[in-house]
Every structure is written in C-alpha cells, then in structure tokens.
Amino acid sequence: MTMTFMSRRGVLRAGLGATLAGTIAAPTVLRAQARSLVIATTGGKTEEALKKAVFEPYTKKTGIEIVTTSTVYAKVKSMVEANAIEWDVVSADAAIAASFGAQGLLERLDFGVIDKSALIPGVPRDYYIPFDVAAAVIGWSTKSIKSDAAPKTWAEMWDQQRFKGRRGLWKQPFQTLEIALMADGVDKDKLYPLDLERALRSLDKLKPNLYWWSTGAQSTQILLDDEVPLAMGWNGRLYDPRAEGGSLDFTLNQSLFVANAMQILKGAKNKKAAMEFIAFALQPEQQAAYAKLIPYGPVNKNALALLPPERLKDVPSSEMNIGKGVFQDYDWWAENGSKITPRFNQWLLS
C-alpha cells in the first residue's frame, strides 16, 4: 500500500502529491559503536527544538555527532528496497510512520532498550513511536471575533449564521475529515472508522466559503491578516504569534491530537545506536526540554512534572488538556488512506 497523504509539517519538502509509575531508562549509549547518526527530520521549529532539547545533549553525553537531513517520504521505499539506507532515525508524521510500518519498511522497536512504562497509553507502537503530542485546533482572528465569543467546538465553527465569512481548512483528507465529522455531531471518541460520505456532506455545508490552505505558515497568516476569520490550525504554529501579541487566538477544546513519530528504516546500519537514541529522546528531561521550546506535549508522563504551570496550560498532553481532545488513529489511516484520498480529491473537484 502506498500512501499519498502528507506530513503536517513537511508538506512542501516531501515532494509527494498528496503510567505514572516508572521512568524511561537511560539508554546504554556507551555500547553504541556509531561515531555519528543521521536523523531525518521535517525541519522548521520542530527540528530547532529537537536540536536543543535532544541532539546537543545526546552528543554531549555520548560523543556521537548528530547529522540532520530532510525527511523526504518519496525516498523511503526505494532506500529500503535497495538496501541503501541513508538515515539512522526518521522523524515523520505518525500517520505516515504507520503507513511505512504497514508496508514492512521499518525495524521493530526494541522495548528492552526503549522503556515504555511511563508513556501515555496508546503511544508505543511496534514499529514507530510518537515523541510529541500536537493538536489541530480551532483558531480565529481577533480582529473579527472576540475570544470570549469565539467558537469552542467545530459545530460552532461551522455555524454560518453566528459566524460570517470564510473558513480555513487544510487541503488534505486526514485531520480535515475528522474535524468535519466532529462538526456534524460525531462524538470525538467515536470517530473511527471514519464515515467518509458523512464527512463530505459536512464539508458541503461550507464548500462555497472554504479557504483551502496548504502550509502551517499559511494557516497562521490568513488569521493574522483577517483574510479568514476562522481556521483550523496547529497549536504549535498559532502559539508564537499569539504570545507575541498577534491578532489571533485558538482553543484546545475538541482538539485532534496528532504527532511526529520516530522510527528506524528496515536495514539501518546503526540500528542499535538508533534504538538507544530514541530511548534517550523519550527520557523525561529531554521531553520536558522539548516542550519548553515548542508547545507540543510530552508523551512521557514523568516529563509533565518538570514543566512549569504556565507551560502545562498550553501543551496538549497535560492533565488539564488531554481530556479535551482525541488522538488521530494513525493505523486506521495507514490501512485506509489510499482508498480515502482519491474520493476526497474527487470531491474537491466536484
């Protein structure tokens, strides 16, 4: 199965069309023989935060240099099939990672090395592991809508009598279809399996007034410019402009939780060192440092105790926020994305 949908943070670069108990054990990094590791990332603020919170501390601890490159999804299958793996660890959208795992392109993770005992339930997977919790959220321009009167649910965002003007959505089926179903009254915990035709009927209600954005930067700018009064966006993209006094705001209520995930390509030459690196990245200290730099929540519960209260109110995985949203079913998309995407694209053209 070949997936055609894209990462939320790597659309342009990819080049495709479409328990509180326990801690993460420190990896035995001195056993690793690698002198360097190549980490493929989706770039941007995510890579900047990883560099400061994970890469630099890892090099300081182990002496192993981290070399970064771009995660180009189109290369993954060809590298594995040719046994010419250029990357040791890959950071990718979790739904994309699930697809790679389903295609047999990833190494099975070693949970003797990677301690999963303190991870959020549902996070550890056999072939990939989310390392953050991001959120697709309702955002609005404060030039048009005062925050105390803004929509707090997707159904309210769909209400064209109450809120005039266009609506901004990501021009991709994944995430957008989940949001459309919540707007149509589907309980956030009963989204899967997705009812595609119901989701499209929900989108039909907005179709004449839809603004389709393609990048996270675009979703932010249309709100700052008041070009669109209401838009789906990602909390990490909307957070900094809001903190800097920009004319936008957002809510974490009814969030769709998404993630970047780490994985190791099948046949990776430095597999042992790569496992140890992932174990290091999931330690509480690294997870907390990352969340302080970018408001994506830790997947290690013990990292939450290391965050100040003002940060906890902004990260999706904190105790005060985790119940507000629902995790995207990455494995459902891995199984069904290749069937859903053509129908969504057909609807776009209708």
Report summary line: Among the residues of the range 98-119, the number that are open to solvent by less than 20 Å² (accessible area, probe 1.4 Å), in contact with a Ser or Thr (Cβ under 9 Å, 6 or more places away or on another chain) and either within 17 Å of residue 279 (Cα to Cα) or small (Gly, Ala, Ser) (or both) is 3
Report task. Please find, among 193, 173, 208, the residue that is surrounded by fewer than 16 Cβ atoms within 10 Å (Cβ to Cβ) and either modelled with pLDDT of 95 or more or touching a helix residue (DSSP H, G or I) at 6+ places or on another chain (Cβ under 8 Å) (or both). Result -> 193
Query raised in the report: Inside the range 232-270, can you point out the residues that are more than 19 Å from residue 149 (Cα to Cα) and assigned to a strand (DSSP E or B)?
Result: 234, 256, 257, 258, 260, 261, 262, 263, 265
Query raised in the report: Among the residues of the range 114-127, is any among the acidic types (Asp, Glu) and either farther than 24 Å from residue 232 by Cα or outside any helix (DSSP H, G or I) (or both)?
Result: yes
**Report entry** Exclusive hit being modelled with pLDDT under 85 and among the basic types (Lys, Arg), set 31, 35
**Finding:** 31
Report summary line: Within the range 280-313, of all residues that are small (Gly, Ala, Ser) and surrounded by fewer than 24 Cβ atoms within 10 Å (Cβ to Cβ), the one farthest from residue 258 (Cα to Cα) is 305
Requested in this report: Residue by residue through the range 42-73, note down the ones that are of a type in the set (Asp, Glu) and open to solvent by 60 Å² or more (accessible area, probe 1.4 Å).
Outcome: 48, 56, 65
Query raised in the report: Looking at this structure, is residue 347 open to solvent by less than 30 Å² (accessible area, probe 1.4 Å) and within 19 Å of the chain's Cα centre (by Cα)?
Result: no
Query raised in the report: For the range 321-329, does any single residue satisfy the condition of being open to solvent by 10 Å² or more (accessible area, probe 1.4 Å), in contact with a Pro (Cβ under 9 Å, 6 or more places away or on another chain), at pLDDT 95 or above and aliphatic (A, V, I, L, M)?
Result: yes
Query - Conditions (1) out of contact with any Phe, Trp or Tyr (no Cβ under 6 Å at 6 or more places or on another chain); (2) over 19 Å from residue 350 (Cα atoms); (3) modelled with pLDDT under 95: number failed by residue 187 - result: (3)
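The values are calculated or read from the model by the stated rules, or taken from the named source; none is laboratory data. Note that the structure is a prediction, hence the values are computed from the model and not measured. Every residue, glycine as well, gets a Cβ built from its backbone with ideal geometry; the counts of neighbours run over all protein chains shown. For the accessible areas, the whole protein counts, side chains as well, though only heavy atoms, and no ligand, DNA or RNA atoms are used. Shrake-Rupley method; radii C 1.70, N 1.55, O 1.52, S 1.80 Å.
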